[in-house]
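The values are calculated or read from the model by the stated rules, or taken from the named source; none is laboratory data. Quick caveat: nothing in here was measured; it's all calculated off a predicted structure. All Cβ positions, glycine included, derive from the backbone under ideal geometry; neighbour counts span all protein chains shown. Heads up: the accessible areas ignore ligands, DNA and RNA and are worked out on the full protein's heavy atoms, side chains in. Shrake-Rupley method; radii C 1.70, N 1.55, O 1.52, S 1.80 Å.
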Amino acid sequence: MNLKIRQACIEDLDAVTKVEASCFPEAEAATRLSLEQRIKTFSESFFVAETEGEIIGFINGCAINGTVIYDKLYENSTLHIPNGNYQTIFGLDVISEYRNQGIAAQLMNYMIEKSRVTGRKGVILTCKEKLIHYYTKFGYINMGISESVHGGAKWYDMILAID
């Protein structure tokens, strides 16, 4: 497969919205408006994976100075701090037909490398218990149950320190 990872642009909004809706339950999925605000506010940390011109996945998140994601970040893209110390990951999405082919890992490694190059101290995310083992493969450390109640789910705070 010829996979290309690139920075998202506003023209990707329809495709990104469709991918998000296919990957998350409605209560957890970002809305079209939220995704639009993210692309406009922090496109430098919003990347899409495409093959043959079709967007099949993406990764995105703002930068902050804290070490945990809090729920208001999902709703308000203006909380993004362009030279923040920590890169958040709001979503790592790959449509079902392309899962288990290493695409999510490529997106994650791309975001980690971009974070390293831009001088971030680390990358942070929240995940469900069943995904803790997946993120530890990248070097993330489980910091315990998150205060986030996003979508009514139970989340765990994860952090990856960048040397």
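Carbon and sulfur: what percent of the stretch 1-94's accessible surface (1.4 Å probe)? Taking all protein chains in place, the stretch 1-94 shows 49 percent carbon and sulfur surface. Separation of the stretch 22-71 from the stretch 78-95 is 8 Å, based on Cα centroids. If you take all other residues with their beta carbon under 12 Å from the beta carbon of GLY144, and give Lys and Arg +1 and Asp and Glu -1, the sum is -2.
Rolling a 1.4 Å sphere over the protein heavy atoms, what is the accessible area per residue of the chain, to the nearest Å²?
Details: 8370 Å² over 163 residues.
I get 51 Å² per residue for the chain.
Using the Cα gyration tensor of the stretch 1-79, with a ≥ b ≥ c the square roots of its eigenvalues, what is the shape: rounded (a/c below 1.5), prolate (a/b larger than b/c) or oblate (neither)? Prolate, because a/c is 1.5 or more and a/b exceeds b/c. Once backbone amide H atoms are built at 1.01 Å from N, MET143 has ASP157, MET158, ILE159 as its partners under 5 Å, excluding neighbours fewer than 5 places away on the same chain.
Straight-line cross-link reach from LYS130 at under 16 Å between alpha-carbon atoms covers these lysines, not counting any fewer than eight positions away in the same chain: LYS154. Looking at the stretch 87-163, the DSSP beta bridges with both ends there are about 75 percent antiparallel. Label the stretch 24-64 by shape, choosing from rounded, prolate and oblate, from the square roots a ≥ b ≥ c of the eigenvalues of the Cα gyration tensor; if a/c is under 1.5 it is rounded, and otherwise prolate applies when a/b is larger than b/c, oblate when it is not. Verdict is oblate for the stretch 24-64. Loop-located GluC sites (Glu not before Pro) across the stretch 1-43 with a Cβ neighbour count of 15 or fewer within 10 Å are GLU26, with loop assigned by DSSP.
Find, among the trypsin sites (Lys or Arg not before Pro) in the stretch 41-139, those assigned to loop by DSSP (not H, G, I, E, B) with at most 12 other beta-carbon atoms within 10 angstrom. List each step's numbers first, then the result.
Numbers: sites: LYS72, ARG99, LYS114, ARG116, ARG120, LYS121, LYS128, LYS130, LYS137; in loops: ARG99, ARG120, LYS121, LYS128, LYS137.
Loop-located and lightly packed - LYS128, LYS137.
Helical runs (DSSP H, four residues minimum) scored at -39500 (n - 2.57) apiece and divided by the length of the chain put the mean residue ellipticity at 222 nm at -8000 deg cm²/dmol.
Can you give the relative contact order of the stretch 1-129 as a percent, counting alpha carbon pairs under 8 Å and 6+ residues apart? Intermediate results must be reported in sequence, preceding the final value.
Values: 224 pairs, mean separation 31.9, N = 129.
It comes to 25 percent, rounded to a whole number.
Restricting the calculation to Cα atoms, the stretch 45-159 yields a radius of gyration followed by a Dmax of 13.8, 40 Å.
Residues in the stretch 143-155 carry Karplus couplings, in order, of 9, x, 5, 7, 6, 5, 10, 3, x, x, 9, 9, 10 Hz; the curve used is 6.51 cos²θ - 1.76 cosθ + 1.60 with θ = phi - 60°, and Gly or Pro positions show x. Summing Lys and Arg as +1 and Asp and Glu as -1 over all other residues whose Cβ lies under 12 Å from the Cβ of LYS18 gives a net charge of -4. Simple rule: put +1 on each Lys or Arg Cβ and -1 on each Asp or Glu Cβ in the stretch 3-51, find the dipole, and look at CYS23, PHE42, LEU13; the Cα lying farthest toward the positive end is PHE42. Computed over the Cα atoms of the stretch 98-163, pair by distinct pair, the Kirkwood hydrodynamic radius stands at 12.7 angstrom. For the chain, the antiparallel share of DSSP beta bridges with both residues in that region comes to about 85%.
Which of the GluC sites (Glu not before Pro) across the stretch 48-132 are loop residues per DSSP, with 10 or fewer other Cβ within 10 Å? Could you put the intermediate results ahead of the total?
On the way: sites: GLU50, GLU52, GLU54, GLU75, GLU97, GLU113, GLU129; in loops: GLU52.
Hits after loop and neighbour filter: GLU52.
For the chain, a simple Cβ point-charge model (Lys and Arg +1, Asp and Glu -1, everything else neutral) yields a dipole of about 460 debye relative to the Cα centre. Under a 5 Å amide H cut-off, with hydrogens placed 1.01 Å from N, PHE90 pairs with ASN60, GLY61, CYS62 among residues at least 5 apart or on other chains.
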